[in-house]
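Report on the structure given below.
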Amino acid sequence: MYELAGIRKVFADGSVALEDLSLRVGPGEHVAFIGPSGAGKTTLFRILNLTLRPTAGTLIFEGQDVAGLSDAGLRRVRTRIGTIYQQQNLVGRLRVVHNVLAGHLGRWSTATALASLVRPRDVAGAGRALEQVGMPEKLWARTDELSGGQQQRVAIARVLVQDPDVILADEPVSAVDPSLAVSIVTLLRDLSHESRKTLLMNLHSVDLALGYFPRIVGVRDGRVRFDLSPDRVGPELLAELYAGHRDEERQLERLRDGQNPLGAACRPLPGFRK
Amino acid sequence: MARIPSAPPADRFRASGSRRRFPYLFTAVFAASVLFSLRAAQVDPRRLLEGDALGNVAKFVRGMFPPRLDGEFLGLMARPAIETVQISVMGTAIAVALGVPLGLLATSSLTWRGVLHERTSRTGRWLLGFAPYAAARAVLSVFRAIPEYVWAFMFVRAVGLGPFAGVLAIGVAYGGMLGKVYSEILENVSPRPLETLRAAGASRLGVALYGLVPQALPNVIAYTLYRWECAIRASAILGFVGAGGLGQQIELSMRMFQFDEVLTLLAILFVLVASVDVLSGRIRGWVA
């Protein structure tokens, strides 16, 4: 699916976000990315969805080097990559149906897109997607009237309508409360499993990553620190990954003390049992 | 190794040092200019009380009462009143027609800066983005910098006395203002939905339709309606240089010292502005 080699990203202000990052993700894989804030995870995801261009290194998507793509070529590849963001990147003033149908924009002509704003095109498809995320009754609601968790479901419904090969979820649950977090992560996992989509997720909470993903990539200082199955990600590795980041170290302490903030919803964490 | 930024998309173009100092510097310069202007503009309230200043004002006001309200005069004034509304509507329409395309070009986030252009090459950004952006900004500045009064004066020379000169003057001057404000509204929409749509493969027009327009539309409509209100008042002023409407009648009555007629005309103008205010308030409430 993805082949990254020697990816480096330097921003205009000279700060280095990613440094010699290499990674390979196969089709249908589920991978969680963890690491302290500022590690470069979000930048990595914005490179993976072709929003940012890496300063150096190659990004190969399905055997195709994306560096030389034309505008139209980029659009074609982008329609195959669905992204869910930390914040609700929806337009609050539009009805839910339009935000969901925006998933079609990569395929629709401008005329179709405009016509659909007046008279929605694929209402059935939008309804099905909303049903899959468990809120079919919100089809005609105004998006800014929904709660944060509901809006995140709308964002997922949009990605379902887009029907990409890969779903990138950049901290999809850090803005919703913990009980919802589990249900959204499982929803994304199950939906992408059913439709054989690759799922890459950035996660702030280590327990969600270890509990729900078969492959964990630790990122720190713009580099991959480890790339392991969850049973091999022990407390020492995590302590090293988060060293110097107070908030996240506290999260690890809670895990070690058995105070799982997500409660029984999460499987017991290997290496943390007393 | 360099510092790793926790860069959220919107804050990627962080303010540089000079930009952060700007507000303080600006406040100081602004305060100084107010103090300086107080003297230079000869602001001196005492002059209002000297000599026959008040007497002249009183004469003017006394002459206004009773206002002339006979049927003949009111009947005669119906036409200029309607003409004033027509000038403002057509003027605003032309202003929108000029302001929308120029405003779009003058929006940096649409033409060359920010998240939609991350993958555009540097030369592409300058040639196809920054050059038209700068040109549109310059044109808008010229439109705005020249007062509508002066525009009207020029257009009266070009197309002759009458409402059309007023329409053109309002169209050009207000086109400059609308374009500038449209570009500011568009630059201030949240870039996150735009990035999301772009990342899902939407074309630039698709991003505009589903991300930009819905976010910006209420403000664009509200400001356009506000400008329409202003255009009614402006069309009265433009009448003074012969661009038709109520203004021309006010000027005629003033020149003949018929202050009772002036009061009636001002009252009509007030009613017009107030009704437009009510109407635009309704529309604003409806689109919000």
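Residues in segment B:215-228 include none that are touching a Leu at 6+ places or on another chain (Cβ under 8 Å), without any contact (Cβ under 8 Å) to a residue 40 or more places away in the chain and within 9 Å of chain A (Cβ to nearest Cβ). When segment B:251-270 is filtered for residues that are in a helix (DSSP H, G or I) and either under 13 Å from B:Phe73 (Cβ atoms) or in contact with a strand residue (DSSP E or B) (Cβ under 6 Å, 6 or more places away or on another chain) (or both), the ones remaining, listed by number, are B:Leu252, B:Ser253, B:Asp260, B:Glu261, B:Val262, B:Leu263, B:Thr264, B:Leu265, B:Ala267, B:Ile268. Listed here are the strands (runs of 3 or more DSSP E) enclosed by segment A:150-236 that have at least 1 residues being of a type in the set (Lys, Arg), in contact with a strand residue (DSSP E or B) (Cβ under 8 Å, 6 or more places away or on another chain) and within 14 Å of chain B (Cβ to nearest Cβ): A:223-228. Taking segment A:38-94 as the range and being of a type in the set (A, V, I, L, M, F, W, C), more than 30 Å from A:Gly148 (Cα to Cα) and either more than 10 Å from every other protein chain (Cβ to nearest Cβ) or not in a loop (DSSP other than H, G, I, E, B) (or both) as the test, the residues that pass are A:Ala56, A:Leu59, A:Ile60, A:Phe61, A:Val66, A:Ala67, A:Ala72, A:Leu74.
For segment B:170-201, filtered to residues that are within 27 Å of the chain's Cα centre (by Cα), assigned to a helix (DSSP H, G or I) and of a type in the set (Gly, Ala, Ser), the residue that is farthest from the other protein chains (Cβ to nearest Cβ) is B:Ala173. A search for C-beta distances below 6 Å between a residue of segment A:78-89 that is at positive phi and any residue that is in a loop (DSSP other than H, G, I, E, B) and crowded, with 24+ Cβ neighbours inside 10 Å, counting only pairs 6+ apart in sequence or on different chains, returns nothing.
When the criteria are applied in full, A:His204 meets the requirement of being under 15 Å from A:Asp170 (Cβ atoms), surrounded by fewer than 23 Cβ atoms within 10 Å (Cβ to Cβ) and either under 18 Å from the mean Cα position of the chain (by Cα) or free of Cβ contacts under 8 Å to residues at least 60 places away in the same chain (or both). Given (1) surrounded by fewer than 19 Cβ atoms within 10 Å (Cβ to Cβ); (2) over 24 Å from A:Arg153 (Cβ atoms), identify the lone condition not met by A:Val217. For A:Val217, the failing item is (1). Total residues in segment A:17-37 satisfying the condition of being modelled with pLDDT of 90 or more and at the interface with chain B (Cβ under 8 Å from one of its Cβ atoms): the figure is 2. Taking each residue of segment A:47-62 that is in contact (Cβ under 8 Å) with a residue 12 or more places away in the chain and looking for partners that are outside any loop (DSSP other than H, G, I, E, B) and polar (S, T, N, Q) with beta-carbon atoms closer than 6 Å, six or more apart or interchain, yields A:Asn49/A:Thr83. Restricting the search to helices (runs of 4 or more DSSP H) fully inside segment B:26-144 and requiring at least 1 residues that are of a type in the set (Val, Ile, Thr) and surrounded by 13 or more Cβ atoms within 10 Å (Cβ to Cβ) gives B:71-105, B:108-111. B:Trp228 meets the conditions (1) surrounded by fewer than 21 Cβ atoms within 10 Å (Cβ to Cβ); (2) closer than 30 Å to B:Met154 by Cβ in every case but one. The failed one is (1). Residues in segment A:124-149 that are aliphatic (A, V, I, L, M), in contact with a helix residue (DSSP H, G or I) (Cβ under 8 Å, 6 or more places away or on another chain) and more than 14 Å from every other protein chain (Cβ to nearest Cβ): A:Leu130, A:Val133, A:Met135, A:Leu139, A:Ala141, A:Leu146.
B:Leu269 - would you say it is over 26 Å from B:Arg157 (Cα atoms), in contact (Cβ under 8 Å) with a residue 60 or more places away in the chain and aliphatic (A, V, I, L, M)? Yes: the conditions hold for B:Leu269. Checking B:Arg204 against (1) over 12 Å from the mean Cα position of the chain (by Cα); (2) modelled with pLDDT of 90 or more; (3) not acidic (Asp, Glu), which test does it fail? Only one criterion is unmet by B:Arg204, namely (2).
In segment A:82-92 there is no residue matching the filter, namely being surrounded by fewer than 22 Cβ atoms within 10 Å (Cβ to Cβ) and modelled with pLDDT of 90 or more.
Within segment B:236-255, residues that are at positive phi sit with their Cβ atoms under 6 Å from residues that are among the β-branched types (Val, Ile, Thr), at 6+ positions apart or across chains, in these pairs: B:Gly242/B:Val156; B:Gly245/B:Thr84; B:Gly245/B:Ile87.
Annotation: of all residues in segment A:95-145 being assigned to a loop (DSSP other than H, G, I, E, B) and of a type in the set (A, V, I, L, M), the one that is surrounded by the fewest Cβ atoms within 10 Å (Cβ to Cβ) is A:Ala141.
Scan segment B:80-99 and tell me whether some residue there is acidic (Asp, Glu) and either away from chain A (no Cβ under 14 Å) or under 18 Å from B:Gly247 (Cα atoms) (or both). Yes, segment B:80-99 contains at least one residue that is acidic (Asp, Glu) and either away from chain A (no Cβ under 14 Å) or under 18 Å from B:Gly247 (Cα atoms) (or both).
The values are calculated or read from the model by the stated rules, or taken from the named source; none is laboratory data. No experiment lies behind these values; they were computed from the predicted model shown. So basically every Cβ, Gly included, is an ideal-geometry build from the backbone, and we count neighbours across all protein chains shown.
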